[in-house]
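This report refers to the structure that appears directly beneath it.
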Amino acid sequence: MTGLVASIVLPTYRPEPALDWLADSLAPQLGDDDVELIVVDGAYSPERGERWNRAVAGRFALRHVPAKPSPYNGGHRLTQRDYFAAASARNTGLVYAQRPYVFFVDDCSVLMDGWWRAAREAIQARIVVAGAYYKCWEMRVAGGVLGTFRRDDAGVDSRWALGDARRAVRVGGGQLFGGCIGAPRELLLQVNGFDELCDSIGGEDWHLGVRLEFAGATIYYDRRMLSLESEELNRLGTPFLRVDPTLPSDAYMERLEEFGVHRRHVPGACDSSHMLLDIVHGTGSPGTQGNYYWLADLDAAALGATVRRFPRQRWFDRVPLAEL
């Protein structure tokens, strides 16, 4: 397989995302295959782009782009501080991606030998795939070659026992999470990308997986697409806040009914993460609930104008964003 086969999107807000680790570990695996790497940078500056271009050093195309405006973080935020908004950042990469298949990978990671071989199979089969991961401490990496590391038992992939060392295996949509996920770009646009209802909460990846199943896709998990992620680098800098507010049970049901859902589908607390589950399973819709745009209609020049359609309240409890 040669030519324009895949876009790899790496969203980051960190002062040190270890882009050289990804570049050095991926490049030797590519052979004649051609990929583009899109770094969606929440702390964008030309100087960072110059440094990362040197890290890639012409081995594959690199585009360094700012994260699109978000009401939860960055220069256009409506909140008092920065919140985690991965859905918005991932959707930025999807707008910029030019290839028919798109992977989303985590920063601070090394792609282990065999990662691209398994990724190529996913591209050829046009399947939706989740890779495996370990979170590690004391990682030592030189020239893309992983030396020593100490695995974090609390960060071991919970799906590992579901997998197979030889092939991708079918899993449920809720298993689409972790350090790498991939899907045909056309399919991602069909469901309007990641749902920004998840911003400030998290879970945008498994949420996408459930919706893709509703769209008729089959989800696979591939242990051969293994990445190791540094916990030390993950914790550098000011962390973006994730919150999971709660409502009294009667108020929870009233809000849920406004989405056309009249009963709980996932037992648990009356918090926003459970409402995400109740909404997606209760509606059975492959589309998004929280995106204030149609992703397929956007290009890079149109991203700035999305500011005009920002919500002013947190969708879950209608608390003004200016108070958060």
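What to note about this one:
- Here D113 passes the criteria (1) of a type outside the set (S, T, Y); (2) within 20 Å of P11 (Cβ to Cβ); (3) in contact (Cβ under 8 Å) with a residue 40 or more places away in the chain; (4) not in a helix (DSSP H, G or I) except the one numbered (2).
- Condition met for D152 (in contact with a Lys or Arg (Cβ under 7 Å, 6 or more places away or on another chain) and of a type in the set (D, E)): yes
- With respect to (1) within 22 Å of P320 (Cα to Cα); (2) in contact (Cβ under 8 Å) with a residue 12 or more places away in the chain; (3) surrounded by 16 or more Cβ atoms within 10 Å (Cβ to Cβ), the lone exception for M253 is condition (2).
- Residue-level check: of (1) out of contact with any strand residue (DSSP E or B) (no Cβ under 7 Å at 6 or more places or on another chain); (2) buried (at least 18 other Cβ atoms within 10 Å of the Cβ), E323 misses just (2).
- In segment 100-124, the residue that is most open to solvent (accessible area, probe 1.4 Å) out of those that are among the charged types (D, E, K, R) and over 18 Å from the mean Cα position of the chain (by Cα) is R117.
- Candidate set from segment 219-241 (those that are in contact (Cβ under 8 Å) with a residue 24 or more places away in the chain and surrounded by fewer than 15 Cβ atoms within 10 Å (Cβ to Cβ)); member that is nearest to G268 (Cα to Cα): L241
- Any hit, segment 243-256, residues being in contact with a helix residue (DSSP H, G or I) (Cβ under 8 Å, 6 or more places away or on another chain), over 20 Å from F84 (Cβ atoms) and of a type in the set (A, V, I, L, M): yes
- When we screen R51, R63, R81, R77 for residues that are in a strand (DSSP E or B), of a type outside the set (F, W, Y) and surrounded by fewer than 22 Cβ atoms within 10 Å (Cβ to Cβ), the only hit is R63.
- Lone qualifier among G174, G193, G216 - being open to solvent by 10 Å² or more (accessible area, probe 1.4 Å) and not in a helix (DSSP H, G or I): G216
- Annotation: of all residues in segment 169-186 being in contact with a Lys or Arg (Cβ under 8 Å, 6 or more places away or on another chain) and of a type outside the set (S, T, N, Q), the one that is farthest from A86 (Cα to Cα) is V171.
- Pairs, first without any contact (Cβ under 8 Å) to a residue 40 or more places away in the chain in segment 294-313, second outside any helix (DSSP H, G or I), C-beta under 7 Å, six or more apart: R309/Y292; R309/Y293; Q313/V319; Q313/P320
- Positions within segment 135-162 being in a strand (DSSP E or B) and either on the phi > 0 side of the Ramachandran plot or not acidic (D, E) (or both), in sequence order: K135, C136, W137, V141, A142, V145, L146, R150, R151, A154, G155, V156
- Candidates R318, R309 - the one that is open to solvent by 30 Å² or more (accessible area, probe 1.4 Å), on the phi > 0 side of the Ramachandran plot and not aromatic (F, W, Y): R318
- The condition (being on the phi < 0 side of the Ramachandran plot, among the aromatic types (F, W, Y) and open to solvent by less than 40 Å² (accessible area, probe 1.4 Å)) is satisfied by just one residue among Y72, Y44: Y72.
- Test: L208 is surrounded by 12 or more Cβ atoms within 10 Å (Cβ to Cβ), assigned to a helix (DSSP H, G or I) and at negative phi: yes
- Pairs where the first residue, in segment 137-160, is under 18 Å from G114 (Cα atoms) and the second is of a type in the set (S, T, Y) and assigned to a strand (DSSP E or B), C-beta under 6 Å, 6+ apart: D157/Y133
- Within segment 289-304, tally of residues that are open to solvent by 30 Å² or more (accessible area, probe 1.4 Å) and among the hydroxyl-bearing types (S, T, Y): 1
The values are calculated or read from the model by the stated rules, or taken from the named source; none is laboratory data. Predicted model, so just to flag it, every value in this text is computed and none were measured. All Cβ positions, even for glycine, are placed from backbone atoms using ideal geometry, and neighbour counts span all protein chains on display. These accessible areas exclude ligands, DNA and RNA; they are computed on the full protein's heavy atoms, side chains included. Shrake-Rupley method; radii C 1.70, N 1.55, O 1.52, S 1.80 Å.
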